[in-house]
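A short write-up of the structure that comes next.
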Amino acid sequence: MSKKKFSVNGNFKDSINTVKLLTERKKFIGSAPAVLPTRTDDFGVNKVAKSLHPKEQKLVISRIEEHADIAKSYYFKSESAPLAYFKAGQYLTFRLEIGNSVVTRSYSIASSPASALNGEYQITVKRISDGFVSDYILDNWNVGDSVTAYAPEGNMTYNPLRDAGTIVAIAGGSGITPFLSLARAIDQGDEACSLTLLYGCRNSDEILFKSELDSLAEKNGKINVVYVLSHSDEEGYEKGFVGADVIRKYAPEGKYSIFVCGPGGLYKFLETELPKLGLEKKYIRFEVFSSGKKAEDPKKFSIKVINRGEETEIKANSNETVLCAFERAGIEVPARCHTGECGFCRSKLVSGKVYIPEGEDKRRIADMQFNFIHPCCCFPESDLVVRIN
Ligand code: FES
């Protein structure tokens, strides 16, 4: 009698495997304790979520590096728990008490994501004129000091589903830090994109991290760095501003995404330059420090702040944001990005008029209709009444 050949097709194998899996799963569930943990903190998934998105992190300054007289890099270790992970391009928001004021400020993380896994963050703070918080940090933070930061946040990160394979990064001044992080991440194999960095400064003395950027570009073919000087004509540097012509000269053929980080003046300049490139909107992203409103003759106003039913009258002027007026008066408002994006500072404008610089109004349409504002990028134009929660 001839033997019949019996073959098992893929679907049948899948069914056998599924039965095996179900049996194992039943056994696993059966061996679990009969009583569920009562504290939600005890669930594994909650532990992971908490370590990735802690409400706040207690950090210690482990070292400080000076960059001539213009900036300092601060390195942090965690006081207890592991540092929250981040994507290159995100920022850390610090909470500081300065005199009677409680303020928050965000600084892009300069270190690579891998460094967070090794227990270190780096930020770089540049001295700016009238920099209420940056001056305080530069003059008061020392090695060994404890500081409070929230979890890393921010959307200027590379996403292969949304962005082109090459990022053309336009940095102005200390806006270099998120792109230093990205260059480091690319070099460490943690980001798959290429980077063309166009770094604008007034003169070559103001370039931060030049030797590291040069060596990353030299050893890694996916990184290209171009320095553009606006106030001096030096050999080996582009002269002028990072506008459409410079971008066309160095951007790759085909598709690329543009990321911008720098002061408000850079944004204003690019507002007329970027449309010349004809890129789709989704390929352009900004992380812009508030442009501020430098009125020739700042006017003084008052703001009635309603906070959980209590009313406080504070002073404000047309030159500083409503959030800044709150901070100076010691009124704490949740805030993270300070660029109008995150919505943490969202408050109700009960009455009065505010000015929002062009390009900084990132409110939802419903919020605009119902008079909610982001005080971090609003400037008073009259006396105001604002409810902050
Ligand atoms: S702090 Fe993010 S919107 Fe105001």
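The values are calculated or read from the model by the stated rules, or taken from the named source; none is laboratory data. Owing to the predicted nature of the structure, the values given are computational and were not obtained by experimental measurement. Counting neighbours? That spans all protein chains shown, and the Cβs are built from the backbone with ideal geometry, glycine included.
Do any residues in the stretch 341-360 that are within 27 Å of F269 (Cα to Cα) have Cβ atoms under 9 Å from those of residues that are among the hydrophobic types (A, V, I, L, M, F, W, C) and assigned to a loop (DSSP other than H, G, I, E, B), where the two are at least six apart or on different chains, and which pairs are they?
Partner pairs satisfying both residue conditions: C342/A335; G343/C337; V354/C378; Y355/C378; I356/C378; E360/C378.
Output the number of residues of the stretch 168-219 satisfying the condition of being surrounded by fewer than 21 Cβ atoms within 10 Å (Cβ to Cβ) and part of a strand (DSSP E or B).
Adding up the residues that qualify gives 1.
Can you name the condition, by its number, that T312 falls short on among (1) more than 16 Å from the ligand (Cβ to nearest atom); (2) closer than 30 Å to Y256 by Cα?
Single failed check for T312: (2).
Just checking, which of D361, D367 is in the same structural domain as A329 (by TED's automatic domain parsing) and under 25 Å from T312 (Cα atoms)?
Matching residue, one of D361, D367: D367.
Does P263 qualify as being over 22 Å from C337 (Cβ atoms) and either surrounded by 18 or more Cβ atoms within 10 Å (Cβ to Cβ) or not assigned by TED's automatic domain parsing to the domain that holds F379 (or both)?
Details: over 22 Å from C337 (Cβ atoms): no; either surrounded by 18 or more Cβ atoms within 10 Å (Cβ to Cβ) or not assigned by TED's automatic domain parsing to the domain that holds F379 (or both): yes.
When the stated conditions are applied, P263 does not pass them.
Hey, could you check the stretch 333-351 for residues that are in contact with a Phe, Trp or Tyr (Cβ under 8 Å, 6 or more places away or on another chain) and surrounded by fewer than 18 Cβ atoms within 10 Å (Cβ to Cβ) and say which is farthest from G99 (Cα to Cα)?
K348
Being under 23 Å from F286 (Cα atoms) and assigned to a loop (DSSP other than H, G, I, E, B) is the filter here; which residues of the stretch 54-99 pass it?
Y85, F86, K87, A88, G89, Q90
Residues to consider are K304, K315; find the one that is among the basic types (K, R), over 22 Å from G172 (Cα atoms) and free of Cβ contacts under 8 Å to residues at least 60 places away in the same chain.
K315
Filter the stretch 330-383 down to the residues that are among the small types (G, A, S) and more than 8 Å from the ligand (Cβ to nearest atom) and list them by number.
So in the stretch 330-383, the residues among the small types (G, A, S) come out as 330, 335, 340, 343, 347, 351-352, 359, 366, 382.
If the condition is that a residue be among the small types (G, A, S) and more than 8 Å from the ligand (Cβ to nearest atom), then G330, S347, S351, G352, G359, A366, S382 are the ones that fit.
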